[in-house]
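**Q** Let me begin by handing over the structure; questions about it come next.
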Amino acid sequence: MIRYKRIVIHPFGAHLWVFEGDCPMEEVVSWMQKRLSVDVVFPVESSWEACTTRAIGGPGLKVLVACMFSGATVSTGCIYHESLHAAYGILDAHGVPCGTDNQEIIAYMQGYIADEIIKFISK
């Protein structure tokens, strides 16, 4: 079984989908393509424990980022790792420079994303 939750990242309006459960990534990607009308999803790996992917398309959807977690136990470190990928993906898609001169926005966004994922997975 797979559980999922959508998190809207303000002020960008980006959609972060969090998937958690035990199923092949291909099923998650297929669900995203059908239910969210996503045109492009990458990367696609057949075996995974945790992954962050970016998709573009859908009606009124500029960018979608998905964090996917498989397995019985997901570590806090893994959640923060994937949250950083998600934060970079959202900022990059919106043309926000990411680098040593702009660390605060990345750090705050990573923390927010990780907190939301932890709340969801802990339920």
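The values are calculated or read from the model by the stated rules, or taken from the named source; none is laboratory data. This is a predicted model, so every value here is computed, not measured. Note: ideal-geometry Cβ built from the backbone for every residue, glycine included; neighbour counts use all protein chains shown.
**Q** Return yes when V29 is part of a loop (DSSP other than H, G, I, E, B), surrounded by 12 or more Cβ atoms within 10 Å (Cβ to Cβ) and either in contact with a helix residue (DSSP H, G or I) (Cβ under 9 Å, 6 or more places away or on another chain) or at pLDDT 75 or above (or both) and no when it is not.
**A** So V29 fails the test.
**Q** Let me confirm something: among D101, D39, which residue is touching a strand residue (DSSP E or B) at 6+ places or on another chain (Cβ under 9 Å) and either modelled with pLDDT of 75 or more or in a strand (DSSP E or B) (or both)?
**A** Result: D39 is the single residue among D101, D39 that is touching a strand residue (DSSP E or B) at 6+ places or on another chain (Cβ under 9 Å) and either modelled with pLDDT of 75 or more or in a strand (DSSP E or B) (or both).
**Q** So, in the stretch 61-77, how many residues would count as being at pLDDT below 85 and part of a helix (DSSP H, G or I)?
**A** Summing the residues that are at pLDDT below 85 and part of a helix (DSSP H, G or I) in the stretch 61-77 gives 0.
**Q** OK, next. Of A86, A107, which residue is among the small types (G, A, S), over 11 Å from the mean Cα position of the chain (by Cα) and in a helix (DSSP H, G or I)?
**A** A107 is the lone residue from the list that is among the small types (G, A, S), over 11 Å from the mean Cα position of the chain (by Cα) and in a helix (DSSP H, G or I).
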